[in-house]
Amino acid sequence: MKTKWKKRETMKTGKVLISTTEEKETMVVGEALGFIIKEPLVIAIDGDLGAGKTTLVRGAALGLEVEGKIRSPTFNLLRVYRGRLPVYHFDFYRLEVEEELFDLGLEEYLEGQGVVFIEWANKFPSFLPGEYLEVYLERVCGEGGNRQEWRNLYFNPRGDYYERLLDIFLENTCYDFQGRINYRGRDIKEE
Ligand SMILES: Nc1ncnc2c1ncn2[C@@H]1O[C@H](COP(=O)(O)OP(=O)(O)O)[C@@H](O)[C@H]1O
Ligand SMILES: [Mg+2]
């Protein structure tokens, strides 16, 4: 199996670009990311409504061996799960004032023993730690009659630790010959 992924600088917010054409594929990207996470860290996820942020976290939760369903924390601001590590899933979409983040104890979570995912993280950038992995998802509609639609996922590591994390992620992940995303640790043969 040969990797087709190219590490490339992009003009957008991201460093590494991965495109997915369906929900399941974004899940697998998330799962591959979750799979390589072995210690507490922070992942900030941005992109418009419906871009696939929650889908990515759902996949990551699988890779982190969370059992049960991941529900969008849009209305709760935070949902907590138990996997190989604790998983803290934040969503700042409905958050209006920063004070709520103090009430939630965000800072303790960021310095804590779990894996923190934050949807709409850039709404309150001052709360982000010095280093984290930034993921930006973009919904793209192709031109022409076939109405093709896909998602671009831009991975931008902020800090050396996250540079290394992204390297490990890419080393462990590739497309198979059918163009499906695959990664070491799980052989994805479906349908
Ligand atoms: N390639 C793709 N990746 C992720 N979601 C996709 C993709 N293509 C279509 N979708 C659809 O887009 C929606 C993404 O929803 P969700 O993950 O909740 O987005 P967000 O959390 O960014 O608002 C889902 O309804 C999903 O079925
Ligand atoms: Mg969401």
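Annotations for the structure displayed:
- Some residue of segment 105-119 being in contact with a Ser or Thr (Cβ under 8 Å, 6 or more places away or on another chain) and modelled with pLDDT of 95 or more: yes
- Qualifying residues in segment 107-122 (those that are among the small types (Gly, Ala, Ser) and away from ligand 2 (no atom under 16 Å from the Cβ)) - the one farthest from Leu49 (Cα to Cα): Gly112
- Being out of contact with any Gly (no Cβ under 8 Å at 6 or more places or on another chain), over 13 Å from Trp120 (Cβ atoms), of a type outside the set (Ser, Thr, Tyr) and within 12 Å of ligand 1 (Cβ to nearest atom) is a description that does not apply to Arg82.
- Helices (runs of 4 or more DSSP H) (entirely within segment 16-106) containing at least 1 residues that are away from ligand 2 (no atom under 16 Å from the Cβ), crowded, with 17+ Cβ neighbours inside 10 Å and more than 13 Å from the chain's Cα centre (by Cα): 99-104
- Single match in Thr54, Thr74 (criterion: polar (S, T, N, Q) and at pLDDT below 95): Thr74
The values are calculated or read from the model by the stated rules, or taken from the named source; none is laboratory data. Since the model is a prediction, treat every value here as computed from it, not as a measurement. A quick note on method: Cβ atoms are made from the backbone with ideal geometry, for glycine too, and the neighbour counts reach across all protein chains shown.
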